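The values are calculated or read from the model by the stated rules, or taken from the named source; none is laboratory data. Predicted model, so just to flag it, every value in this text is computed and none were measured. Reconstructed Cβ throughout: ideal geometry from the backbone, glycine too, with neighbour counts over all protein chains shown.
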Amino acid sequence: MTATDRSIRKIVIVGGGSAGWMTAAALSNALQTGCHITLIESEEIGTVGVGEATIPAIKMFNQTLGLDENAFLKRTQGTFKLGIQFVDWGRRGHSYFHPFGTYGRPFDTVNAHHFWQRAFEAGRASSLDDYCMAWAAASRGRFAPPSTDQRNVLSTYDYAYHFDAGLYARFLREYAEARGVQRMEGKVSDVAMDAMSGHVTSVQMEDGRCIEGELFIDCSGFRGLLIEGALKTGYCEWTDWLPCNRAVAVPCAATPEPIPYTRATARDAGWQWRIPLQHRTGNGYVYAADHISDEAAADELMANLDAPTLAAPRYLRFVTGRRRLFWNRNVIAIGLSSGFIEPLESTSLHLIQAGIAKLLAFFPDLGFDPMTRDEYNRVATNEIERIRDFIILHYRLTQRTDSALWRYCAAMGIPDTLAEKIEHFRQHGRLIQRDFELFGPASWLAVQIGQLNTPQKTDPLMAYRTLDAAPWLDKLREAMAAAAAGLPTHGAYIDRYCKAEQDPLSC
């Protein structure tokens, strides 16, 4: 290292799990030489381990690392995911599907959902779900990767995965260690900071070891050992908008034919997830402690499982919100240490991925330019707040009045950024996109219509259209049904290409 070399040479990642090992894998892949990366984790502390459902962006992360999809799924007991089914959210007895993909194909300057609405209101079209290829396949238990032929209706959907987060972390640990990352077992007992700059200079281990670094990545989970424990960064709570603050999780036996989608079922005090893996089914109840006790929540979850349990219920506590700064001094928080949005739309692992992408895009040198740090924080804040609004949308747009939680959600105040989007859609069926949006127009359309926010009017341009879209919609639905019927079952596809070789529970 020369006197003018300002490159960072020592990075310390505090915490393992998905956040730590995804960060270590990405950094070891991107920083190919000249930087020592140390990851500190304790087997005693463990991880939250409920991030088993993902969104399509995870494919890009794995591809960037050069991971083979089938090998990854074999190692993590993975299955495929075409979207999320929401049951009893808008009202009891009603369900809808949030797909990965589009509804049909654009064929006019006016969005297709306006033509669907006109036909639907005339009694000449069925549920919006029926015009989505992802649901055509998912509802029939079918899966294959999308076609690359843009003329084929099988090109109009996308997919993500369900997998065991613990096995994924183990898989990435092997990847990172093979590229030079050093893992240190143990707990951090103290954090040393420079008196002048306030930067973290080292962490002290319980056994007396001192690990020095220049850039520190806080992946220590809810505790925020560095970003909060040492730097006192502060936290913005969102509990007024997202009142659920507890979860109880329990695995049960796998079903013979895993469905290729996640299911989220609304309950009186929250909602229940169901995530099918090859070796088990993940289940959990996310709930508001003000409306149900831990014991009652566990009882309700156990009463709504479709197979025998494989372990005792596990409880989690959380506070929805974000750190006031994601990057403070020479510490960057990634994962739960940076904030938490409940797992309703499977964004936990994506926010880890997004934090890593921003770290690489704004990678610092030893000068830690405040302008770079501020831009990182601005982008990170905008991103998580747009995701927050999308999650709140599911709660606010409910017609349920059968329990105290849902009555509260239906009447609660919401961020102006979300209120404006709801009103634009309610009045004109317009889908408003601002800044960086993880969830695109098709996602917002799925939830707005699915949660019964029916537009009062269609786009004014519809007054200049004479097209009768009903026959086109009929042909689209029939084509999708026929295409789905030609796909292999989800289980058959897994058995052929990515069947896990061993059940980790039997090891």
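Restricting attention to the stretch 280-301 and to residues that are within 25 Å of LEU167 (Cα to Cα) and of a type outside the set (D, E, K, R), the residue that is surrounded by the most Cβ atoms within 10 Å (Cβ to Cβ) turns out to be TYR285.
Would you check if there is a residue in the stretch 324-333 being in a strand (DSSP E or B), touching a Lys or Arg at 6+ places or on another chain (Cβ under 9 Å) and among the small types (Gly, Ala, Ser)? Checked the stretch 324-333: at least one residue is in a strand (DSSP E or B), touching a Lys or Arg at 6+ places or on another chain (Cβ under 9 Å) and among the small types (Gly, Ala, Ser). Set side by side, the residues ALA119, ALA137, ALA144 differ, and just one is assigned to a helix (DSSP H, G or I), within 21 Å of GLY491 (Cα to Cα) and in contact (Cβ under 8 Å) with a residue 24 or more places away in the chain, which is ALA137. Restricting the search to the stretch 282-312, which residues are under 23 Å from TYR261 (Cα atoms) and either in contact with a helix residue (DSSP H, G or I) (Cβ under 6 Å, 6 or more places away or on another chain) or of a type in the set (Phe, Trp, Tyr) (or both)? Residues satisfying the conditions are TYR285, TYR287.
Go through the stretch 440-473 and give me each residue that's free of Cβ contacts under 8 Å to residues at least 24 places away in the same chain and over 21 Å from HIS428 (Cα atoms). Selection gives PRO471 alone. Search the stretch 435-472 for residues being of a type in the set (Ser, Thr, Tyr) and assigned to a helix (DSSP H, G or I), and hand back the single one that is surrounded by the most Cβ atoms within 10 Å (Cβ to Cβ). Step by step, filter the stretch 435-472, then rank; the result is SER443. When the stretch 475-488 is filtered for residues that are surrounded by 15 or more Cβ atoms within 10 Å (Cβ to Cβ) and farther than 15 Å from ARG142 by Cβ, the ones remaining, listed by number, are LEU476, ARG477. Considering every residue within the stretch 473-495, establish whether at least one is more than 22 Å from ARG124 (Cβ to Cβ) and among the charged types (D, E, K, R). Yes, that holds for at least one residue.
The residue of the stretch 254-283 that is farthest from the chain's Cα centre (by Cα), among those that are within 23 Å of SER139 (Cβ to Cβ) and of a type in the set (Gly, Ala, Ser), is ALA254. Kindly indicate which of ILE392, ILE432 is part of a helix (DSSP H, G or I) and aliphatic (A, V, I, L, M). The conditions single out ILE392. In the stretch 271-299, which residues are within 14 Å of LEU316 (Cα to Cα) and in contact (Cβ under 8 Å) with a residue 60 or more places away in the chain? Within the stretch 271-299, GLY284, ALA288 meet the criteria. The number of residues in the stretch 395-429 being of a type in the set (A, V, I, L, M), within 23 Å of the chain's Cα centre (by Cα) and outside any loop (DSSP other than H, G, I, E, B) comes to 3. Exactly one residue out of ASP299, ASP306, ASP290, ASP294 is over 20 Å from the mean Cα position of the chain (by Cα) and at pLDDT below 95, and it is ASP306.
Give the stretch 417-439 a look and list any residue that's free of Cβ contacts under 8 Å to residues at least 24 places away in the same chain and more than 24 Å from GLU375 (Cβ to Cβ), or say none. Across the stretch 417-439, the qualifying residues are ALA419, GLU420, GLU423, HIS424, ILE432. Condition check for VAL110 on (1) farther than 30 Å from MET184 by Cα; (2) modelled with pLDDT of 95 or more; (3) among the β-branched types (Val, Ile, Thr): one failure, at (2).
Scanning the stretch 157-181 for residues that are part of a loop (DSSP other than H, G, I, E, B) and within 21 Å of the chain's Cα centre (by Cα), we see that the one that is surrounded by the fewest Cβ atoms within 10 Å (Cβ to Cβ) is ASP158. Condition check: of a type outside the set (Asp, Glu), touching a His at 6+ places or on another chain (Cβ under 6 Å) and not in a loop (DSSP other than H, G, I, E, B). Does ALA479 satisfy that? No.
For the stretch 19-49, a residue qualifies if it is modelled with pLDDT under 95 and under 26 Å from PRO343 (Cα atoms), and the qualifying residues are SER42, GLU43, GLU44, ILE45, GLY46, THR47, VAL48, GLY49.
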